[in-house]
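Working notes, beginning with the structure itself.
The values are calculated or read from the model by the stated rules, or taken from the named source; none is laboratory data. Quantities reported herein were computed from a predicted structural model and do not represent experimental measurements. A quick note on method: Cβ atoms are made from the backbone with ideal geometry, for glycine too, and the neighbour counts reach across all protein chains shown.
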Amino acid sequence: MLDFSNQTVFITGASGGIGSQIAREFARTGARLVLHDFGLADAAQALQKELQAGGAQTLLVEGDLTDPATTNGIAAQIQAQFGQLDVLVNNAGASPNKMAFEDLAADTWDRVIDINLRSVFLVTQACLPLLKQSQRGRIINISSTAARNGGAPGGSAYAAAKGAVSSLTKAFAKDFCQHGIHVNAVAPGLVDTAFYGNVKVADKYAERIKGIPAGRVGQPQDIAGPVLFLASPLADYIVGEVLEVSGGLAMMG
């Protein structure tokens with residue numbers, strides 16, 4: 001079993017399907033957890049209570065991660081509460097409803113880029129001093145298979161943002177490796193969370209899994225496992241990689 005005891009892990013967008021499962025898995029390994037949610041929704045507070053009931057030390061933080069005042073403030077809270085940060089998981093993200101490119105408003109485009117890309121930049125910049133102090137800082141960005149294949153029709157803004165996240169992962173890896181900080185990304189395919197809608201609706205499920213060699217959509221735990229692996233000593237020689245976790249979808253183009 002992996003052991004993250006005496007390590008502090010910060011997960012952005014922690015109340016969502018993937019984020020909450022990542023938090024649960026880290027909690028099982030003894031990690032101290034910093035859980036971010038945009039507005040401290042009921043789901044975030046319920047997650048904190050669940051993890052605390054299991055013995056985990058947690059800090060719940062909120063705010064707009066596209067605002068540097070928020071990200072700097074969160075870094076200060078982490079310093080005050082735990083005095084260290086060892087693992088950063090840039091998981092927060094959002095995508096608008098699919099729409100034709102010609103109907104995509106500029107402010108919608110900007111917001112998607114901000115939430116998915118600017119947040120990664122600002123959170124990482126704010127947390128970098130703490131990660132430098134760690135014995136083995138790790139950053140795992142959550143990208144998407146859309147970064148490589150352009151995603152679904154009508155998702156150009158999301159695909160562009162995640163493409164930049166994958167590129168930024170490699171740039172971060174080059175810049176931060178000298179400080180002992182390893183940076184990688186996990187790129188999920190179709191995962192059964194609210195983010196993707198109800199992918200198991202009967203009349204759509206068969207069509208959606210047709211192109212997935214594994215024969216099913218992913219579950220949040222399918223993404224959480226690789227995140228913990230990349231944060232662990234088992235992955236100490238993996239730097240600057242984007243690991244696609246898609247049930248074999250990557251083979252299909």
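General observations
- Considering residues of the stretch 216-226 that are hydrophobic (A, V, I, L, M, F, W, C) and in a helix (DSSP H, G or I) only, the residue surrounded by the most Cβ atoms within 10 Å (Cβ to Cβ): I223
- Those residues of the stretch 50-63 which are within 16 Å of F38 (Cα to Cα) and either out of contact with any Gly (no Cβ under 9 Å at 6 or more places or on another chain) or in contact (Cβ under 8 Å) with a residue 60 or more places away in the chain (or both), in sequence order: L59, L60
- Considering residues of the stretch 140-156 that are touching a residue at least 60 places away in the same chain (Cβ under 8 Å) and crowded, with 23+ Cβ neighbours inside 10 Å only, the residue farthest from the chain's Cα centre (by Cα): A147
- Members of the stretch 113-138 that are surrounded by fewer than 20 Cβ atoms within 10 Å (Cβ to Cβ), within 19 Å of S95 (Cβ to Cβ) and not hydrophobic (A, V, I, L, M, F, W, C): D114, R118
- When the criteria are applied in full, Q178 fails the requirement of being modelled with pLDDT of 95 or more and touching a strand residue (DSSP E or B) at 6+ places or on another chain (Cβ under 8 Å).
- In summary, F229 fulfils each of the numbered conditions (1) buried (at least 19 other Cβ atoms within 10 Å of the Cβ); (2) modelled with pLDDT of 95 or more; (3) closer than 22 Å to A27 by Cα with the single exception of condition (1).
- Residue match in the stretch 123-139 (condition: part of a helix (DSSP H, G or I), within 14 Å of the chain's Cα centre (by Cα), at pLDDT 95 or above and under 30 Å from L104 (Cα atoms)): yes
- Filter pass, T58 being of a type in the set (V, I, T) and closer than 30 Å to P153 by Cβ: no
- D110 being within 17 Å of N90 (Cα to Cα), of a type in the set (D, E), at pLDDT 95 or above and assigned to a helix (DSSP H, G or I): no
- Qualifying residue in the stretch 234-242 (condition: among the small types (G, A, S), surrounded by 15 or more Cβ atoms within 10 Å (Cβ to Cβ) and at pLDDT 95 or above): yes
- Some residue of the stretch 30-37 being more than 29 Å from I113 (Cβ to Cβ), touching a Ser or Thr at 6+ places or on another chain (Cβ under 9 Å), at pLDDT 95 or above and charged (D, E, K, R): yes
- Residue list for the stretch 71-93, restricted to those being in contact (Cβ under 8 Å) with a residue 24 or more places away in the chain and closer than 20 Å to N116 by Cα: T71, N72, I74, A75, V87, L88, V89, N90, N91, A92, G93
- Enumeration of residues in the stretch 76-113 that are closer than 21 Å to V227 by Cα and not β-branched (V, I, T): Q84, L85, D86, L88, N90, N91, A92, G93, A94
- Count of the stretch 140-150 residues which are at pLDDT 95 or above and over 18 Å from V186 (Cβ atoms): 0
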